[in-house]
1. Can you tell me which residue is modelled with the lowest pLDDT among those in region 17-36 that are small (Gly, Ala, Ser) and within 20 Å of the chain's Cα centre (by Cα)?
2. Looking at residue 58 and the list (1) modelled with pLDDT of 90 or more; (2) in contact with an Asp or Glu (Cβ under 8 Å, 6 or more places away or on another chain), which single condition is not satisfied?
3. Give me the pairs: first residue in region 4-17 and part of a helix (DSSP H, G or I), second residue at pLDDT 80 or above, beta-carbon distance under 7 Å, and six or more apart or on different chains, which are they?
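The values are calculated or read from the model by the stated rules, or taken from the named source; none is laboratory data. Remember, it's a predicted structure, so these values are computed and weren't measured experimentally. Here the Cβ is made from the backbone with ideal geometry for all residues, glycine too, and neighbour counts use every protein chain on show.
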Amino acid sequence: MRKTRRKPIDPHIKRLRRLLGDDITTANMLAPLARAYAELNKPTHVAASTLAAAEYLVRENDPERLHTWLAKHTAEERAAIQKHLEAKQWRSPHSK
């Protein structure tokens, strides 16, 4: 019998499951949904073009250039950029 690998859980699905919890019934559904909606719609304060630029710089595999670029952003922006890249499980095509 051959074991098959499970596909990794999408980070977005994992986050939604955490937000909604296990106790969802018609009677108590509004509070978890409102909490989930609020978190999912929380602004990241980072433009989509900035996130795309971060992805490009990671693909370029130039740590010095990436570091210089990140230094021009606030700590909050850097945290959001890092979270975005981690959520995409971003890897440089040059890394193994």
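1. 21
2. Going through the list (1) modelled with pLDDT of 90 or more; (2) in contact with an Asp or Glu (Cβ under 8 Å, 6 or more places away or on another chain), residue 58 breaks only (2).
3. Once the first residue is part of a helix (DSSP H, G or I) and sits in region 4-17, its partners that are at pLDDT 80 or above give 11/87.
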